[in-house]
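**Student:** Starting off with a structure, shown below.
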Amino acid sequence: MKEKLLQGVQRIAMALDRSVHFTALKNGIQATIPATIIGGLLCIITSFPVPAEGTTGTAARIMGAIGRAFAGITPYVSVLQTMTLGIIALWAVAGIAFYLSRNYRMNELTGVTIAIMTFLLVAAPAQDGVISTDYLGSKGLFSAIIIGLLSVEITHILLEKDIKIKMPDSVPPAVTAPFEALIPMAVNLIVFYVINEIVIALSGEAFPAMVIHILSPLFTAMDSLPGVILLITGVNVLWWFGINGASIVNGATQAFTLAFLAENAQALANGEPMSRITAYPFYCVFGNIGGAGATLAFIVIAVIFAKSAQIKAISKVAIVPQIFNINEPVTYGLPTVMNPFLLLPYIAVPIINITLAYLATWAGLVGKVYINAPWSMPGPLLAFFATLDWRSVVLWIALFALDLVLWFPFMKAYDKYLLEKENAHE
């Protein structure tokens, strides 16, 4: 029964991983991560927490001096921020079109060029020689996904049907490619222009705004407590089966969580309150502490208390990578994969973590995530740099302390089981 279940899960995961559209979406969205990291780090300058007037103390003086220094360069940094996070949808449409074109063995530059032109036509049509960036940021991300996939799909179909301008065989490919792109480019521009005009005529709003309205219930669900619990449970269940849960689940959900991140960063830049709780990397920071299953606590306990040779050996090897949220040594070395002793805490501890973190953020006890800090930072640093709020570090420490309590009996039970097996073989 267990083997059949594992085979079923693996088949689904492999089918997704082999899907040209899913892999293009996943890789295309991940290609935007450098822009989100740079844009997020620039938020440290544009939104540096300056102590209130009259606050005394050495720390307050230092932070005040840093804040005043940053204020002088904020106008210049804001431009860089706009060109990274502020137009994240433009980078997404380019990334998705690039990877889908590659999957179809098409000319990548052709696919990217057509996708960008089509997206700009729909999301930022020029008026009086000026284009608006309203839908080039987080609000246009899902329109970028749709156009990135469909424009390449239309181009692929036309080229497969040989509907293109043909050049003599003697003409170099570098010269042939632009001419072959002419008909697909014209078809894409006409199709999406007509669609956009129909949408405007029927609803009074452009295509990107319509997409936002249609997906608004899904946005609400993804930013809810049940939504983030479902997300982190899916990640950890897949990891328990030995499948890279982050790769599969993030591929399907990262467009939402990165959109939330860009929304929060833009709101902060505009002096508005941030509204999204589950912006990426919220669940990495507060849910899976140390990696999938929140196993950092298990390893720390094991280093101190384990008596079985197997756990002692693995914990010594795993402790340093685990501090940097890399837990493959635990996943495959302990292993946690298909381990019934560890299934309950592996799934339940991250759910408890994320629930408490969500409620603390919702209540305003800690700041919201708006910086895409590198996930490999040690937990307390990751918590601080993702929110620029010292209270997030306190929350991380409290959750880790709770994890130690929750994991302790399971580590001791598994350690006892392995120790008895080792003694029986002596």
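Nothing in this text is a laboratory measurement; each read-out follows from the coordinates by a stated rule. All of these numbers come straight from a predicted model, not from anything done at the bench. All Cβ positions, even for glycine, are placed from backbone atoms using ideal geometry, and neighbour counts span all protein chains on display.
**Student:** Ordered by residue, what ³J(HN,Hα) values in Hz, to whole numbers, does region 327-343 give under the Karplus form 6.51 cos²θ - 1.76 cosθ + 1.60, where θ = phi - 60° and Gly and Pro are x?
**Tutor:** Using θ = phi - 60°, the values come out as 10, 4, x, 6, 4, 9, x, 5, x, 8, 4, 6, 9, x, 4, 10, 4 Hz.
**Student:** What FRET efficiency comes out for L365 versus F22 if R0 is 25 angstrom and r is the Cβ-Cβ distance? Round to the nearest 0.05. Mind showing how you got there, number by number?
**Tutor:** Numbers: r = 37 Å, r/R0 = 1.49.
Efficiency computed from Cβ-Cβ geometry: 0.10.
**Student:** Further question: Quick check: residue separation of V79 and L109 times 0.36 nm, minus the Cα distance between them. What number comes out in nm?
**Tutor:** Details: separation 30, 0.36 × 30 = 10.80 nm, distance 2.70 nm.
So the extension gain works out to 8.1 nm.
**Student:** Nearest 20 debye, what's the magnitude of the dipole of region 223-425 about its Cα centre given +1 on Lys and Arg Cβ and -1 on Asp and Glu Cβ? Intermediate results must be reported in sequence, preceding the final value.
**Tutor:** Details: 9 positive and 9 negative charges, 85 e Å.
The calculation lands at about 400 debye.
**Student:** Using +1 at the Cβ of each Lys and Arg and -1 at the Cβ of each Asp and Glu in the chain, identify which of P350, A35, F298 lies farthest towards the dipole's positive end.
**Tutor:** Of the candidates, F298 comes out farthest on the positive side.
**Student:** Still on this structure: For the pair E422/A186, report the inter-label distance in nm, with labels modelled 7 Å from Cα in the Cβ direction.
**Tutor:** Between E422 and A186, the label points sit 7.5 nm apart.
**Student:** Same structure again: For the chain, what is the calculated [θ] at 222 nm in deg cm²/dmol (nearest 500), taking -39500 (n - 2.57) for each run of four or more DSSP H residues and dividing by its residue count? Each step should come with its number before you reach the end.
**Tutor:** Working: 17 runs with 302 residues, N = 426.
Estimated from H runs of four or more residues: -24000 deg cm²/dmol.
**Student:** Taking neighbour Cβ counts within 10 Å as the exposure measure, how do T361, T32 sort from fewest upward? Kindly include the intermediate steps, with their values, before the conclusion.
**Tutor:** Working: T361 23, T32 28.
Ordered from fewest to most neighbouring Cβ atoms within 10 Å, T361, T32 come out as T361, T32.
**Student:** Cut-off is 10 Å between beta-carbons; in what order do L406, L182, L85 appear when sorted fewest neighbours first? Don't skip to the answer; put the middle values down first.
**Tutor:** Values: L406 18, L182 11, L85 31.
Ascending Cβ contact count within 10 Å gives the list L182, L406, L85.
**Student:** Compute the angle between helix 58-82 and the longest alpha-carbon principal axis of the chain, please, reported from 0 to 90 degrees and rounded to the nearest 10.
**Tutor:** Between helix and principal axis, roughly 30 degrees.
**Student:** Okay, next question. Could you please rank Y414, Y193, Y135, placing first whichever residue has the fewest other Cβ atoms within 10 Å of its Cβ? Spell out each step's value before the answer.
**Tutor:** Working: Y414 22, Y193 15, Y135 25.
Exposure proxy ranking, most exposed first: Y193, Y414, Y135.
**Student:** Place +1 on the Cβ of every Lys and Arg and -1 on the Cβ of every Asp and Glu in the chain, take the dipole about the Cα centre, and give the residue among M377, N270, A186 whose Cα lies farthest towards its positive end.
**Tutor:** It is M377.
**Student:** Further question: Distances over 31 Å make up what percent of all Cα-Cα pairs in the chain?
**Tutor:** Numbers: 44328 of 90525 pairs.
Here the tail beyond 31 Å accounts for 49 percent of pairs.
**Student:** I would also like to ask the following. Given R₀ = 25 Å, what would the calculated FRET efficiency be for R391 paired with E272, taking r from the Cβ atoms and rounding to 0.05?
**Tutor:** Details: r = 21 Å, r/R0 = 0.83.
With a Förster radius of 25 Å, E is 0.75.
**Student:** Can you give the angle from 0 to 90° between the axis of helix 141-160 and the longest principal axis of the chain, with both taken from C-alpha atoms, to the nearest 10?
**Tutor:** Tilt relative to the chain: about 60 degrees.
**Student:** Another question about this same structure. Show me, for region 304-313, the HN-Hα J-couplings you get by feeding each phi into the Karplus relation (A = 6.51, B = -1.76, C = 1.60, θ = phi - 60°), rounded to Hz, glycine and proline as x.
**Tutor:** Each residue of region 304-313 in turn: 8, 10, 5, 10, 6, 4, 5, 5, 4, 5 Hz.
**Student:** Given region 223-425 reduced to its alpha-carbon atoms as identical point scatterers, what log10 I(q)/I(0) does the Debye formula return at q = 0.13, 0.18 Å⁻¹?
**Tutor:** -0.66, -1.18
**Student:** List the extent of the Cα atoms of region 278-369 along each of their three principal axes, largest first, rounded to whole Å.
**Tutor:** Principal axes ranked by extent give 45, 25, 21 Å for the Cα atoms.
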